[in-house]
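Structure first, then comments.
The values are calculated or read from the model by the stated rules, or taken from the named source; none is laboratory data. Since the model is a prediction, treat every value here as computed from it, not as a measurement. Note that each Cβ is placed from the backbone with ideal geometry, even for glycine, and that neighbours are counted across all protein chains shown. Please note that ligands, DNA and RNA were not included when accessible areas were found on the heavy atoms of the full protein model with its side chains. Shrake-Rupley method; radii C 1.70, N 1.55, O 1.52, S 1.80 Å.
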Amino acid sequence: MNIKQAVILTGGRGERLKTYTTKLNKGMVHINGKPFLHYLVNQFKANGINKILFLTGYLSETIEEYFENGSNFGIEISYNFQAIEINHGKRIELASDQLDDLFLLHKCDIFWPFQMAEHIRTYNQFNRPVLMTVYRNKNRDGIYGPQSNIEVNNGIVKSYVGLCDKEIYSGQDIGYLICQKKALQRNFPDGNFSLHDGGLLAILAEKGELSALVTDVKATTITDEKWLKKSTKFLSNYPEFLT
């Protein structure tokens, strides 16, 4: 297995960060002097990724002006722009021609100490076409708060729902997924569909095609101003990704 492409969903408005996102895409909000996406690009490069595809929408020019074709980062960067109204699941479908057969999918506003080798081992162990990273929310302190949305049994995701308090849901999806393109394509629903909230990932879970790397290691996010402050401290532990 050789994963060389990361696909980053960057189309949203960043409504909960309006102080910063009136003129910037959410991923371009600065942390310790660099855009949040700067950390992700360098993290993926450090894990052997040599191509990044940004699925853009809102203020896409702020991403393209900064990263251009990726040559300044020693990586190949390309873009697929869609209207802001297009949901993230549909964005993946519309970019199908630009996707590798196997790729890493990321949701743009989360950082976690990702290690490609660990993900590949887990992907091979469970032998499902899609692997998601799940934070075991046992202390109810995940990036989405005390509620959870993932039911996992022996490494297989049994269901993916909206955040809730039911005991069978004990984890949170933290946004790093290994995806087989063919598996996604055969499960794309009709219309302007979501990745979660009853969308593509829920379909994969229902069909037994979604496995999980379950972790107790915390992630951080820039989903709102409270978490933005936490991320400033969190990412100070990763100066290697600032360069």
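At-a-glance table
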read-out	value
Amide H contacts of Y176 (H built 1.01 Å from N, under 5 Å, at least 5 apart or other chain)	T133
Where a label projected 7 Å from the Cα of I156 along Cα→Cβ would reach, residues of region 183-215 with amide N under 20 Å	183-184, 186-187, 200-215
Apportionment of accessible area to carbon and sulfur, the chain, percent (1.4 Å)	46
Entries of K51/K166; K34/K218; K51/K218 with Cα pairs more than 28 Å apart	K51/K166
Sites Q147 and E118, calculated FRET efficiency, Cβ-Cβ separation with R0 25 Å, nearest 0.05	0.40
Simple Cβ-charge dipole of the chain, Lys/Arg +1 and Asp/Glu -1, about Cα centre, in debye nearest 20	480
Whichever aspartates and glutamates have a C-alpha closer than 14 Å to that of K26, once near sequence neighbours (fewer than 8 apart) are set aside	E15, E61, E64, D109, D224, E225
Over 17 Å [Cα-Cα, region 128-243], rounded percent	58
Rough spin-label spacing in nm, given labels placed 7 Å along Cα→Cβ, for Y238 and A46	0.7
Helix-only [θ]222 nm of the chain, DSSP H runs n ≥ 4, -39500 (n - 2.57) each, per residue, nearest 500	-7000 deg cm²/dmol
Sequence of F241, F81, F44 from largest to smallest accessible area, 1.4 Å probe	F81, F241, F44
Under 5 Å, built H, 5+ apart or other chain: amide partners of V214	V134
Heavy atoms of S78: accessible area, 1.4 Å probe, square angstrom to 10	40
Two-site label geometry, K18 and E225: point separation in nm, points 7 Å out along Cα→Cβ	1.1
Solvent-accessible area per residue for region 66-105 (1.4 angstrom probe, square angstrom)	49
